[in-house]
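Single-structure report; data block below.
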Amino acid sequence: MRQKSPSTDRPDKPWHKVVSQGSPTRNFAAAAVFKPSPNFYVFSFPINLTMQSYNNPRLNPENFKDGPLSVNAATRLRQMLARPGVIVCPGVFDGVSVRLALEAGFECLYQSGAAVTASRLGQPDLAMATLNDFADAARIHCSINPTVPIIADADTGFGGPNMVARTVAQYARAGIAGLHIEDQVQTKRCGHLMGKELVSTEEFIMRIRAATIGRDSIPGGSDIVIIARSDAAQSLGAKEAINRLKLAADAGADLLFFEGVRSREDLQLAVKSLAPKPVLLNVVAGGVSPDFTAEEGEALGAKLIIYPLVTVVPAIHAMRESLQSLKRTGSDVESAKGMGPKQFFEVMGLDDAIKLDTTAGATSLSSI
């Protein structure tokens, strides 16, 4: 497989060769092969890939530090990343969870790949969901309040460079403000499971480059945030994950996702090593990382913190309890806790629907 590098003789393109600090352009004619451990493998194949730095002045964080927050979700996310304060994102997986997260006052949400896979397919996070599954979910979630940024899991990008670019375009069209692409093989799994398999560093960087090309090829321009995620820490160590993320930043990633943080020291090292790029922290109760609070994550330098399962896991507990109650008592009164149909629909935006209907001159919802 060969990947042609973007042209370097076009000044209007946001690509240029690495020439700073006396470093020669890196030419990866063949991918590095790592010695596998019993539970870990790195898949590698030859790629003729010349590493190049990404440079798009329009997307410089300095351009997003001042002014009112944009109604465009992607632009707003860039503004939030460029300004002080940690961004806390609860995981969402359907329209109900999005409504409740907005009701709670969160200003940025996270479309969890694991939660969407569970909700839409009833399956574990083992690369069973497709681009269409995630993009269809995104269209629903982003439509509820299009100004609130939603970051979405994009797995590996679902294929080669052209598919990665297509994924970015599909997510942007759905209204997603940012997406993360990882360095696992196509048959990936949840980042908090064991036995993950990685592609080579070169293929990972190729994915990130393809994502930036896809973003910059969207007619009219797009501010969608490209997030590079590395799962290398689990088997190759924190330093290898950091090295991959540094190269991803050089390839154009806006935000860096160090998956599987094992300690406070690992997080501090990542934040220090990857500066000035912001770092995303993933917190999953019962996962491989410490159960950081938002305050602890911010104090350690994380800019954006996601809690992917914060809605879907409690939903499982609540639904299980309600169903067991129905089985035991033959009634749903206890589990409803006083919420009838109208109260339920009010949580889902009934009052806004009535207001629109009345403003339009209709009377069909005047009595409901």
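The values are calculated or read from the model by the stated rules, or taken from the named source; none is laboratory data. What you see is a predicted model, and the numbers here were worked out from it, not measured in a lab. Here the Cβ positions follow ideal geometry from the backbone for every residue, glycine too, while neighbour counts run over all protein chains shown. The area values use the complete protein model at the heavy-atom level, side chains included, leaving out ligands, DNA and RNA. Shrake-Rupley method; radii C 1.70, N 1.55, O 1.52, S 1.80 Å.
Couplings for region 133-140, taken from phi via the Karplus curve 6.51 cos²θ - 1.76 cosθ + 1.60 with θ = phi - 60°, read 4, 6, 5, 4, 4, 4, 4, 5 Hz in order; Gly and Pro are left as x.
Computed over protein heavy atoms with a 1.4 Å probe, the carbon and sulfur contribution to the accessible area of the chain reaches 55%.
Residues in the chain average 49 Å² of solvent-accessible surface per residue, probe 1.4 Å, ligands and nucleic acids excluded.
Here the 3J(HN,Hα) profile of region 90-98, calculated from phi with Karplus coefficients 6.51, -1.76 and 1.60 at θ = phi - 60°, is x, x, 10, 9, 7, x, 5, 5, 5 Hz, Gly and Pro shown as x. Here region 303-350 and region 82-117 have alpha carbon centers that stand 17 Å from each other.
The slack in the chain from residue 162 to residue 120, taken as 0.36 nm per residue of separation less the alpha-carbon distance, amounts to 12.5 nm. Would you give the gap between the C-alpha center of region 122-198 and the C-alpha center of region 252-300, rounded to a whole Å? First find each Cα centre; the distance between them is then 20 Å. For the peptides 344-357, 108-121, residues were scored by their other Cβ atoms within 10 Å and the scores averaged per peptide; the highest-first order is 108-121, 344-357. For the chain, find the longest principal axis of its Cα atoms and tell me its angle to the long axis of helix 201-216, 0 to 90°, nearest 10. Tilt of helix 201-216: around 60 degrees. Less than 5 angstrom separates the built amide H of residue 126 from none of the residues sequence-distant by 5 or more or on a different chain. Between 0 and 90 degrees, the angle of helix 312-329 with respect to the longest Cα principal axis of the chain falls at about 30 degrees.
Shown in residue order for region 358-364 are the 3J(HN,Hα) couplings computed by the Karplus curve 6.51 cos²θ - 1.76 cosθ + 1.60 at θ = phi - 60°: 5, 4, 6, x, 8, 10, 5 Hz (x for Gly and Pro). Within the shell of other residues whose beta carbon sits under 13 angstrom from the beta carbon of residue 110, the net charge comes to -1, with Lys and Arg scored +1 and Asp and Glu -1. Dividing the summed -39500 (n - 2.57) terms of all DSSP H runs of n ≥ 4 by the residue count of the chain sets its mean residue ellipticity at 222 nm at -11500 deg cm²/dmol.
How charged is the neighbourhood of residue 264? Take every other residue with its Cβ under 14 Å from the Cβ of residue 264, and add Lys/Arg as +1 and Asp/Glu as -1. Value of the local net charge: -4. Scanning residues 5 or more positions from residue 182 or on other chains, those with amide H under 5 Å from its amide H are 156, 157, 229, with H placed 1.01 Å from N in the peptide plane.
For the chain, find the longest principal axis of its Cα atoms and tell me its angle to the long axis of helix 238-250, 0 to 90°, nearest 10. For 238-250 against the chain, the angle is about 90 degrees. Shown here: semi-axes √(5λ) of the Cα gyration tensor in Å, derived from the displayed model; of the candidates (1) 28, 26, 21; (2) 42, 27, 18; (3) 38, 25, 19, it corresponds to (3). Computed with a 1.4 Å probe on the full set of protein chains, the accessible area for residue 359 sits at about 110 Å². For the chain, averaging the sequence separation of C-alpha pairs within contact (under 8 Å, six or more residues apart) and dividing by the residue count gives a relative contact order of 16 percent.
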